Amino acid sequence: MADNLINYEKKSVVAYYRGQDKLSLAEEAILEIVKKEKLEKMIDIGVGAGRTTAFFAKIFRHYVGIDYSVPMIEAARKRFEDFECCNFYHSDARDMSAFENGSFDFVLFSFNGIDCVSYDDRQEILSEIKRIGKPNSYFAFSTHNLYNLDVLFSFQFPKNPFKYLKEFRRFQGVRKHNPKKEDILKHDFYPMIDGDINFSAEYLYYKPEKQITELERHGFEEISVFSIKTGKTIQPDVNWSEVNDPWLYFLCKNSEK
């Protein structure tokens, strides 16, 4: 895997995330579910410059945001310096030993942040999230969908003709930097270079059924999957290979075991 931290410390990337202030449809749906539970304390992992903070901090008495990029955390602190319930820390999701067992009612890891590390590191993150979550706490995150490869490897005709060249470069770059999609789909997950940050970033793309199995193995239950396109839950008996959302959101609960 590429060292994605280098990218998320770049001024241009921090500036881009500083300008993000909207939730996806899936995040809006998850927010509504969590809001009804009247929970006390949440941690927002990979908080970046605080895209999700304004929405989620309002419904929790204690809100903690962490990120492994120092410039991102500095941007979030400055942006929400007047929010008394918020605390932002420089911390890596692979080692959250600064937080005690069973500290949080809700754990959020949005914008595919969990995809930025290797497979083994991803397992460490899931173990840490299991540890810091209270019994029956909620955990939500998004991940790239491996079944979106047909779209990723295709030329997407932009509505704006002035963006044709940019799309052509993305289309060519994806094919240049990755194996054939048929070979990739033989795997349950695969590190992809999809064109983000000028092809310098690399992310793990996952088959949804594999992700569900891993969540269960780590001790999470009541798993729901949300479409990034519609914000609605996807039926568990669906043929996952026919679901081509670029991202999928997962919401689950930390078992009492």
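Descriptive notes on the structure:
- Angle of helix 70-79 to the longest C-alpha principal axis of the chain, folded into 0 to 90 degrees and rounded to 10: 60°.
- Highest mean packing first, where packing is the average number of other Cβ atoms within 10 Å per residue, the peptides 79-87, 48-56 line up as 48-56, 79-87.
- Most tightly packed first, judged by the mean number of other beta-carbon atoms within 10 Å of their residues, the peptides 117-124, 63-70 read 63-70, 117-124.
- Three-way shape label, the range 66-109, alpha-carbon gyration tensor, a/c 1.5: oblate
- Scanning residues 5 or more positions from TYR89 or on other chains, those with amide H under 5 Å from its amide H are GLY65, ILE66, ASP67, with H placed 1.01 Å from N in the peptide plane.
- Value of relative contact order over the chain, rounded to a whole percent, pairs C-alpha under 8 Å and six or more apart: 21 percent
- Gap separating the Cα centres of the range 1-17 and the range 131-178, nearest whole Å: 17 Å
- Result for the chain in a Gaussian network model with C-alpha springs under 10 Å: among VAL47, VAL151, VAL107, the largest mean-square fluctuation is at VAL151.
- Candidates ALA98, ALA140, ALA76, ranked by Gaussian network fluctuation over the chain, Cα under 10 Å, top entry: ALA98
- The range 178-252, relative contact order in percent, only Cα pairs under 8 angstrom and at least six apart counted: 23 percent
- Antiparallel content of DSSP bridges confined to the chain, in %, to 5: 50 percent
- Rounded to the nearest 10 degrees, the angle from helix 164-177 to the longest Cα principal axis of the chain is 80 degrees.
- Take PHE226: with every protein chain present and a 1.4 Å probe, its accessible area is about 10 Å².
- Fraction of beta bridges assigned by DSSP in the range 33-169 that are antiparallel (%, nearest 5): 5 percent
- Crossing angle, helix 25-37 versus the chain [Cα axis fit, 0-90 degrees, rounded to tens]: 20 degrees
- CD proxy at 222 nm, helix term only [per DSSP H run n ≥ 4: -39500 (n - 2.57); per residue of the chain; nearest 500]: -9500 deg cm²/dmol
- GLY102 long-range amide H proximity, modeled H, under 5 Å: ILE132, GLY133
- FRET efficiency for the LYS210 to GLU124 pair, using the beta carbon distance and R₀ = 22 Å, is estimated at 0.80.
- Cα shape, the range 70-157, gyration tensor, a/c 1.5 rule: oblate
- Label assignment, percent of Cα pairs over 34 Å apart derived from the structure, set [x] 34; [y] 29; [z] 15: [z]
- Whole-Hz couplings from phi, Karplus 6.51/-1.76/1.60, listed for the range 205-212; x for Gly and Pro: 9, 10, 7, x, 5, 5, 5, 4
- A simple rule links phi to the HN-Hα coupling: the Karplus curve 6.51 cos²θ - 1.76 cosθ + 1.60 with θ = phi - 60°, which for the range 232-244 gives 9, 6, 9, 4, x, 8, 5, 7, 4, 5, 9, 9, 10 Hz, with x for Gly and Pro.
The values are calculated or read from the model by the stated rules, or taken from the named source; none is laboratory data. These figures come from a predicted structure and were not determined experimentally. Cβ coordinates were reconstructed from backbone atoms using ideal geometry, including for glycine residues, and neighbour counts include every protein chain displayed. These accessible areas exclude ligands, DNA and RNA; they are computed on the full protein's heavy atoms, side chains included. Shrake-Rupley method; radii C 1.70, N 1.55, O 1.52, S 1.80 Å.
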